[in-house]
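What follows draws every value from the coordinates through simple rules; no lab data is involved. These numbers were taken from a predicted model, which means no experiment stands behind them. Every residue, glycine among them, receives a Cβ derived from its backbone with ideal geometry; neighbour counts consider all protein chains shown.
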């Protein structure tokens, strides 16, 4: 018994030892990775933010800053190319940048990129701001995402944005007057003009040149001032994770729009054909993904309402004889809803997608679904029910029962009135294998 217990103890100790060794083995690479991220010579972290300013971009920036602070990087380089976006996301990004524990270098790049609207604030929030040749910055006038604003609301929004622009510019020692004009007058500047105006610090065409020109510049956090030492340092790029890549794809207005329409059509098809299952499953997934995407985009509720109204018109056209008026109204509502579904420069639908989806929707509801309903209402072509309404020939006298011939087959029939052999009869019903018939109306008239 003692030998058995001893063997068990030794087995348990061995298992624990193997587990500890496995933990140590898996932890070792992480420690080496942590050491590699912050070597003695220092390293710079770079992240690329491209597309509309949205919660997805704000999350990517927060992740990059957390990584840079934990890894003791010498600086974080933000490569920016954005048409603007949500003010709430922009303010969250700027707030995080102003309080960052590492110096931030914002770089509007590559050539052809721009930092418009909300991108102006993000660019100016960097400790060092630069632009690549052939880029531009400006036009930061706020746009109301839910529709038009009256003059009072417009002035309030512009004044609030202008005050924030002045604050950010003053914090980073940039041109306060130009920052306010970018908001109130929607002015913009090229790369060389931005340097001359004091909006950015310099123009850099490559990452190496960017770090060389940023080297030695002062960055501040409160009363603490330090000099950047980044020239010649290796650059590590932070690639987005699977979740961020997926959200980045979904936040494209065109993708969100297509998912929304597929979700509507999948659910409608499932409701029209209960038990199909696949359309309902696909439609539910698409519409949930669409709602996730819409939560990151400036959505106009009137646009969604018009799209729902268009679907209702298309369905009504199938049930009501409107002479095509409901269908035409559905096409107009679909076009208008698609045009105003998103607001602002940062979220625009492609006209090709709008026209294609509208035409496909009209064709689907007016032709495909219509043909299906007509087929359901049509007389059956097979089975006993298909015989009702057809004409047969009496093989023998029906008084009242006898045999009739139809399509070369003999059926027993019961007639409402006597019928002579060879006469034509109309089939009025089917009882099992017996037909109910009556003398043919056409023959009676003749």
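Brief remarks follow.
- Anisotropy class of the stretch 213-299 from Cα gyration tensor, a/c 1.5 cut: prolate
- A simple spin-label model places pseudo-atoms 7 Å from Cα toward Cβ; at residue 390 and residue 166 they are separated by 8.9 nm.
- Peptides 121-134, 218-231, 276-289 ranked from most to least packed, by the mean per-residue count of other Cβ atoms within 10 Å: 121-134, 276-289, 218-231.
- Among beta bridges that DSSP assigns inside the stretch 39-242, antiparallel share in %, nearest 5: 20
- Among 351, 178, the ranking by other beta carbons within 10 Å of each residue's beta carbon, starting with the fewest, stands as 351, 178.
- Shape of the stretch 384-445, Cα gyration tensor, a/c cut at 1.5: rounded
- With the highest mean first, a sort of the peptides 160-169, 47-56 on other beta-carbon atoms found within 10 angstrom per residue produces 47-56, 160-169.
- Peptide packing for 89-96, 300-307 was compared via the average number of neighbouring C-beta atoms within 10 Å per residue; ordered from the highest value, the list is 89-96, 300-307.
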